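Below is one structure; the comments refer to it alone.
What follows is calculated from the coordinates using simple rules that are stated; it is not laboratory data. Note that the coordinates shown come from a computational prediction; the quantities given were computed from them, not determined experimentally. All Cβ positions, glycine included, derive from the backbone under ideal geometry; neighbour counts span all protein chains shown.
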Amino acid sequence: MALHTCRVIHIMFMKVEYWMILMLRCACAGSSNKVKTEADSEDISEHPPDGKPRPFSCTVCHKRFTRRYHLNKHGDIHKEKEYSCTECEKRFSSDSGLRKHMCIHTGKYKCTECGRCYGCSTDLAVHRRSHSREKPFECTVCHKRFTRRDHLNEHGEIHKEENEYSCNQCETHFTSKSGLRKHIYIHTGKYKCTECGRCCASCKDLAAHRRCHSGEKPFECTVCSKRFRTPAHVVIHSRTHSGEKPYKCHLCKKIFSRTSSLNTHMRIHTGDKPYKCSLCIKSFSTPSNLRQHKGHAHSNSKPYDCPYCGKLFKTNRELKRHVRIHTGAKPYTCRHCSQRFTHYSQIKTHLLKSHNEGTWLTCNICQMKFCVNRDFKRHLLRHEGVKPYVCSLCRKCFCRMNELKDHLLVHSNSKRFCCGLCGKGFTRIYNAVLHFNRCFTTLGFGDD
């Protein structure tokens, strides 16, 4: 079968009718290479960074396209949205857009796995891959696989040598022009919440954010009837019922139910800690860990009080650990000898020392061994000379917050610890205990 080619934009057609229509639209005549578009000849000769000529220009916003079909499709965003959905009052600029949307309400293209509805069979087919775990599109660089081609194209940007696009407002860099364009909307305030003033990157993000204020949760789980603000939240929640974990680490094969968990996990392998504390030199892999650190290390607030003795704590986790002192609870049991422990660190130490189970953490400088990773990291800081905690009165530096707190007693006249025998006061509990033992012997309480 003969192929008919337009000499201007180099598109081939199998049917001569389609070729003639394009020839008429492009005003191709004989051997002429000129195209009758909204752009002039100088604009046609210009090539964007990707090397593709874009001869078709929008007369409203001047955005350029490689094909007239893409220009016509883009033109819909400038049209008045005169077609309204009778179910949800969402508006569309074309009748075809409304018809596609109505399929969501009628359930014509409904997923049999999770009940989610789509506007066309193509969207439903793409969604079904999230259940079947089919990922037909593979990155040629790192061999990571994706369910959609546009996700693969977006991923391909990270393999570029440098971030080409930079925001002139906050100097954030992006690998793609689309990423920068979406980010710019946050600065321009195009999608701004009228309630709290927060700026979103898209109309969809703003609509989801507004539900935080209205309390609206239109999306319901079909298993437990729990409601959510966005369909994505329903999909993530549904995995708690199905046990589905579609995201796998390609390094250690650990699987996760959501991409955010996988991304956070990958920082264990890369060592990336992008969230830096503004008050000390520590950095963290997640924003929640950073918030927890600031509340624990740099705040004097102690909102959690012990119901038994009234002692205050900064976190609920610290309170729970403390309450076990009063209740005598020992939730950790050794599976070898049935010995019980109050804290997890105690059973971990027991397994290493008594049953040789686990791995010792050995310092490669002094060969000192540790059972708990927290103690091992603190030890390494001493070799590195890192002392992030600084006394505001004498500028002396310390490795740990507890050491700084102990030091601050030097600058204070407070004597919180008292000998129960003679009434002498002390700033440190260690000194009070030593004195009490000597006082106990001196006064003869130890004699039979």
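Summary table
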| read-out | value |
| --- | --- |
| The chain: angle of helix 344-355 to the longest principal axis, Cα-based, in degrees nearest 10 | 70 degrees |
| 27 Å Cα-Cα reach of K320 towards lysines, excluding residues that sit fewer than 8 places from it in its own chain | K282, K294, K302, K311, K330, K348, K353, K377, K405 |
| Listed residue (G75, T140, H101) projecting farthest to the positive dipole end of segment 65-169, Cβ model | H101 |
| The chain - mean residue ellipticity at 222 nm from DSSP helices (-39,500 (n - 2.57) per run, n ≥ 4, rounded to 500) | -11500 deg cm²/dmol |
| Shape of segment 326-448, Cα gyration tensor, a/c cut at 1.5 | oblate |
| Kirkwood-Stokes translational diffusion coefficient of segment 90-270, alpha-carbon pairs, 20 °C, 1.002 mPa s, µm²/s | 112 µm²/s |
| Rounded tilt (10° steps) of 231-242 against the dominant C-alpha axis of the chain | 60 degrees |
| Gyration tensor verdict on segment 231-295 (Cα atoms; rounded if a/c is under 1.5, prolate if a/b is larger than b/c, oblate otherwise) | oblate |
| Entries in K110/K248; K110/K254; K273/K369 that, when Cα-Cα distance is taken, lie over 29 Å | K110/K254 |
| Of C337, C167, C221, the one that fluctuates the most in a GNM where the chain has Cα springs shorter than 10 Å | C337 |
| Convex hull volume per residue for the chain, taking Cα atoms only, in Å³ | 291 Å³ |
| Exposure proxy order (Cβ contacts within 10 Å, fewest to most) of I365, I186, I236 | I365, I236, I186 |
| Student exercise, segment 393-448 dipole from Lys, Arg, Asp, Glu Cβ charges, in Debye to nearest 20 | 440 debye |
